[in-house]
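The values are calculated or read from the model by the stated rules, or taken from the named source; none is laboratory data. As the structure is a prediction and not an experimental result, all values here were calculated from the model. Neighbour counts run over all protein chains shown; Cβ positions are idealised from the backbone, glycine included.
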Amino acid sequence: MAKFSIFSTDTSRRIAEADSVAVIGLGRFGSALALELMQAGTEVLGIDLDEELVQSLNGELTQVVRADSTRVEVLNQLAIDEFDRVVVAIGGDISASILTCSVLLSMRIPVIWAKAVDDRHGQILEQLGVHHVIYPEKDMGRRVAHLVRGAALDYIEVAPGYALVKAPAPTQIQGVALGETSIRKSHGVTIAAFQHGDDAWTNADNATVLGPGDTVLIVGRTKDAEAFAQLR
Ligand code: ATP
């Protein structure tokens with residue numbers, strides 16, 4: 001039988017009590033997510049089968065443990081039921097992802113996020129009752145397509161058909177207070193914030209006057225926000 005270096009349940013309980021998340025699967029996606037959570041001040045229990053990966057993240061996360069997440073007794077020993085947020089970042093091994101999610105659901109974890117590698121995988125996770133199914137490759141591909149085709153510096157679709165686009169401020173809205181430009185009516189977009197050179201980002205209001213070299217955050221329907229980002 002495989003041996004797993006499980007640390008004490010007490011340690012897991014202590015982590016779970018704080019602002020904390022358990023991340024299962026520490027591949028490229030899971031480890032980036034776990035490290036970003038740590039940066040933001042969240043305590044992270046990381047779990048992976050791979051000893052080398054576990055070693056490499058030792059000291060970087062609050063706790064890292066080598067364990068097989070498909071085994072209910074292992075998750076019990078880790079006191080995973082004490083966590084109210086768990087991320088399953090296992091992609092390649094679909095059966096491990098599904099088994100892990102089903103164990104977590106049976107433990108009644110309040111919020112489970114799981115990564116799906118394709119629509120079929122995602123559909124199964126959704127049918128199981130996973131609360132948030134994410135498609136990192138698909139979403140990133142779609143996002144990059146919008147960056148490649150236009151002048152946008154960054155692009156986030158906040159809901160189907162509605163987006164937030166970062167772009168250079170077009171000349172036609174420079175030198176005049178935003179409140180006097182009527183771009184909401186003419187272009188169907190709102191300028192939410194702006195940045196002058198390397199200065200900090202600032203919320204925009206009716207009195208904001210943009211200048212050359214400014215960058216803006218455009219909010220609106222995807223096609224309107226993208227069309228506005230193309231203006232020079
Ligand atoms: P990425 O693209 O994020 O690198 P991936 O989509 O290729 O990952 P996998 O390699 O399948 O996904 O899984 C990510 C991590 O999950 C791996 O480090 C793997 O060791 C771990 N993992 C897979 N099965 C289990 C399991 N049963 N228990 C714990 N960890 C697991």
So, first residue at positive phi in the stretch 200-224, second residue in a loop (DSSP other than H, G, I, E, B) and surrounded by 15 or more Cβ atoms within 10 Å (Cβ to Cβ), Cβ within less than 9 Å, six or more apart or across chains; the pairs are GLY213/ALA169
query = Hey, any hits in the stretch 68-79 for a residue that's more than 16 Å from the ligand (Cβ to nearest atom) and within 22 Å of ARG28 (Cβ to Cβ)?
reply = no
Looking at the structure I just gave you, is SER56 in the same structural domain as GLU82 (by TED's automatic domain parsing), more than 27 Å from VAL117 (Cβ to Cβ) and either within 16 Å of the ligand (Cβ to nearest atom) or at pLDDT 95 or above (or both)?
no
A careful count of residues in the stretch 80-95 that are within 18 Å of PRO136 (Cβ to Cβ), charged (D, E, K, R) and part of a loop (DSSP other than H, G, I, E, B) gives 1
Filtering the stretch 141-190 down to residues that are of a type in the set (D, E, K, R) and under 22 Å from GLY211 (Cβ atoms) yields ASP154, LYS166, GLU180, ARG184
**Item:** Yes/no for ALA152 being surrounded by 16 or more Cβ atoms within 10 Å (Cβ to Cβ) and assigned to a loop (DSSP other than H, G, I, E, B)
**Value:** yes
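Could you pull out the residue among ILE98, ILE112 that is at pLDDT 95 or above, under 20 Å from SER31 (Cα atoms), outside the structural domain of VAL209 (by TED's automatic domain parsing) and not in a helix (DSSP H, G or I)?
Sole residue among the options that is at pLDDT 95 or above, under 20 Å from SER31 (Cα atoms), outside the structural domain of VAL209 (by TED's automatic domain parsing) and not in a helix (DSSP H, G or I): ILE112.
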Flagged in the stretch 12-46 as without any contact (Cβ under 8 Å) to a residue 60 or more places away in the chain, within 16 Å of the ligand (Cβ to nearest atom) and of a type in the set (A, V, I, L, M, F, W, C), in numbering order, are ALA32, LEU33, ALA34, LEU35, LEU37, VAL44, LEU45
If we keep only residues of the stretch 169-212 that are more than 33 Å from the chain's Cα centre (by Cα) and part of a loop (DSSP other than H, G, I, E, B), then the residue farthest from ALA151 (Cα to Cα) is ALA207
